[in-house]
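Engineer: Dropping a structure here in structure tokens format, bear with me for questions.
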Amino acid sequence: MAGNLQIGDVVHSSIENQGIVYRSLARDPLANTIRLDIKYIGTAALCSDTAARTGSSTPRIVVGFVCGGTRGALLPAEAAWKIDAAIQHGAQWSVGRKSAREVWPGSKDEPVWVIEPSQANTQLLAAGDQADLLVQFSNVVTPNDAGHTQMMVHFQNLPAGGGVFYDDAIQVLDLLKQPPPPTRGLLAFFATAPRIVLAKPDPSATLELRWRMFGVARLMLQASDPGVPNQSIDYSKDKDYLAGMLLSEHRLELPLPELDSSRPIILTLQAFDGAGNFLNSLSFTVYADIRFFEDPYDGVVYPAAAIGRRMWMTQDLRRNSGDAARPAGFYKWGELSRPDLQPPTPWRLPSRRDWEGLVRGAQVQQSDATALFKPRYGGFYAGSSTELQDATKAYYWSVNTFAAGALRAYYSFFLPGHATPSYSDNAAPTDYAMPIRWVRDL
């Protein structure tokens with residue numbers, strides 16, 4: 001359709017990433033993504049009409065590639081039919097694939113992509129945030145030899161307004177086919193949270209992993225923790241797995257096992273090409289910080305805290321003492337040998353060394369032992385007495401270091417307002433009843 005206006009004066013087309021397309025080797029397809037940016041560089045709008053368009057002349061932009069098996073072609077026609085296209089920016093535009101014969105009778109049966117504005121899009125393109133029309137062509141897989149080829153962008157029936165049209169025009173853009181990159185694989189691998197803190201059992205806990213990769217067809221994820229199953233991720237059939245210059249970012253919500261103790265979990269991600277050849281691997285360590293203890297005896301969950309090199313219960317044990325004369329949570333020394341009051345491995349009754357480690361660990365963590373340990377001030381029961389003694393302090397049984405058969409046992413206690421516990425050398429008689437806190441090594 002003849003006119004006096006040239007589309008090239010107000011519209012500029014370009015291909016992102018310098019138009020680089022990587023060719024594929026046998027058994028190792030590389031799915032490229034080509035992004036076409038059609039930019040309006042005028043000052044007002046491409047079309048000055050404000051009313052909806054009428055008539056049979058539909059404005060359109062038709063995009064095609066050189067098809068064939070030669071060095072000068074992008075890819076064979078059968079591979080071109082597998083290319084998908086989508087509008088990335090330009091809400092009032094749509095794109096669809098057709099045969100060139102439908103658009104230009106007598107042409108070869110090769111695919112072209114027709115980009116059309118909606119009826120409500122009267123200005124087509126305008127200045128500001130409406131100046132760009134970005135079209136993405138994905139799943140571009142070519143076995144052709146490296147070399148230059150072209151993308152053709154046909155502008156047809158574009159109105160300028162008031163019955164005036166732009167001349168139909170073709171803008172030819174250069175594409176450069178290159179050999180597969182010599183360096184491929186994982187570029188980065190990390191988790192959004194390098195430390196997982198669990199204050200209670202959580203069977204639905206997950207860890208968000210992210211990675212960036214370059215030209216990868218398959219991944220294998222392995223973990224040092226046997227509770228984390230190995231995972232294989234196959235991208236070879238994913239049309240978008242190599243966006244842009246084969247650079248892509250991915251994420252995965254990794255289910256975690258039911259963790260009952262703090263420990264590091266080492267995650268290793270291995271990358272392979274389409275032929276199964278190893279590319280590289282990256283590792284990331286996440287620390288599972290478990291701040292609870294689930295008692296296997298009755299299923300009660302107790303809060304816990306890592307202090308220094310040990311994990312401490314931060315609540316008193318609540319197993320039944322079997323003595324109705326005193327509240328639950330107070331135990332005589334002789335009761336601690338009962339099977340139903342034994343700590344599960346690796347937990348234990350604390351020793352002098354454990355209490356000293358509690359103090360040192362708190363100092364390293366720039367806190368005080370009382371704040372971390374959270375003692376419950378409740379005193380103790382003396383002998384057969386049913387009255388609480390010295391309720392202003394928090395007493396706890398410790399490992400007995402007296403000679404076998406002795407009638408006394410060590411304990412430790414906290415004073416209100418003091419940052420550290422006291423370890424008593426004047427040990428209590430074994431018929432006293434005191435609370436229990438268990439400890440274990442990290």
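Engineer: Go through the stretch 265-282 and report how many residues are part of a loop (DSSP other than H, G, I, E, B) and crowded, with 19+ Cβ neighbours inside 10 Å.
Structural biologist: Residues flagged as part of a loop (DSSP other than H, G, I, E, B) and crowded, with 19+ Cβ neighbours inside 10 Å within the stretch 265-282 amount to 2.
Engineer: OK, next. Within the stretch 401-410, identify whether any single residue is in contact (Cβ under 8 Å) with a residue 12 or more places away in the chain and within 48 Å of the chain's Cα centre (by Cα), and answer yes or no.
Structural biologist: Within the stretch 401-410, not a single residue is in contact (Cβ under 8 Å) with a residue 12 or more places away in the chain and within 48 Å of the chain's Cα centre (by Cα).
Engineer: When you go through (1) surrounded by 14 or more Cβ atoms within 10 Å (Cβ to Cβ); (2) hydrophobic (A, V, I, L, M, F, W, C); (3) in the same structural domain as F414 (by TED's automatic domain parsing) one by one for V286, which number turns out not to apply?
Structural biologist: So the condition that V286 fails would be (3).
Engineer: So, restricting to strands (runs of 3 or more DSSP E) that lie completely within the stretch 32-140, which ones have at least 3 residues that are more than 24 Å from V10 (Cβ to Cβ)?
Structural biologist: Result: 93-99, 132-140.
Engineer: If I filter the stretch 154-191 down to residues being closer than 30 Å to L25 by Cα and at pLDDT below 85, which single residue comes out as surrounded by the fewest Cβ atoms within 10 Å (Cβ to Cβ)?
Structural biologist: Filtering first and then ranking leaves P182.
Engineer: Let me spell it out: the conditions are (1) closer than 23 Å to A73 by Cα; (2) modelled with pLDDT under 85; (3) not small (G, A, S), and I115 meets all of them except one. Which number is the exception?
Structural biologist: Going through the list (1) closer than 23 Å to A73 by Cα; (2) modelled with pLDDT under 85; (3) not small (G, A, S), I115 breaks only (2).
Engineer: When you scan the stretch 342-354, how many residues do you find that are more than 9 Å from S398 (Cα to Cα), in contact (Cβ under 8 Å) with a residue 12 or more places away in the chain and either hydrophobic (A, V, I, L, M, F, W, C) or in a helix (DSSP H, G or I) (or both)?
Structural biologist: 2
Engineer: So, in the stretch 192-219, of the ones that are basic (K, R) and either at pLDDT 85 or above or in contact with a Phe, Trp or Tyr (Cβ under 7 Å, 6 or more places away or on another chain) (or both), which residue ends up surrounded by the most Cβ atoms within 10 Å (Cβ to Cβ)?
Structural biologist: Of everything passing the filter in the stretch 192-219, R218 is surrounded by the most Cβ atoms within 10 Å (Cβ to Cβ).
Engineer: Let me ask something else. Please go through the stretch 311-329 and give me each residue that is farther than 18 Å from Y395 by Cβ and either outside the structural domain of R348 (by TED's automatic domain parsing) or crowded, with 18+ Cβ neighbours inside 10 Å (or both), ordered by number.
Structural biologist: Within the stretch 311-329, just M311 meets the criteria.
Engineer: Scanning for something under 14 Å from R352 (Cα atoms), among the basic types (K, R), modelled with pLDDT of 75 or more and part of a strand (DSSP E or B), does the stretch 422-440 turn up at least one residue?
Structural biologist: Checked the stretch 422-440: at least one residue is under 14 Å from R352 (Cα atoms), among the basic types (K, R), modelled with pLDDT of 75 or more and part of a strand (DSSP E or B).
Engineer: Filter the stretch 154-211 down to the residues that are under 29 Å from N32 (Cβ atoms), within 24 Å of the chain's Cα centre (by Cα) and part of a strand (DSSP E or B) and list them by number.
Structural biologist: Within the stretch 154-211, G185, L186, L187, A188, F189, F190, E208, L209, R210, W211 qualify.
Engineer: Also, I was wondering about something else. Considering Q178, Q156, which residue is more than 30 Å from S281 (Cα to Cα) and either of a type in the set (S, T, N, Q) or free of Cβ contacts under 8 Å to residues at least 60 places away in the same chain (or both)?
Structural biologist: On inspection, the qualifying residue turns out to be Q156.
Engineer: Can you name the residue in the stretch 404-421 that is closer than 17 Å to S337 by Cα and surrounded by 15 or more Cβ atoms within 10 Å (Cβ to Cβ) and is also modelled with the lowest pLDDT among such residues?
Structural biologist: Out of the qualifying residues, it is R408.
The values are calculated or read from the model by the stated rules, or taken from the named source; none is laboratory data. Since the structure is predicted, the reported quantities are computational estimates derived from the model, not experimental observations. Here the Cβ is made from the backbone with ideal geometry for all residues, glycine too, and neighbour counts use every protein chain on show.
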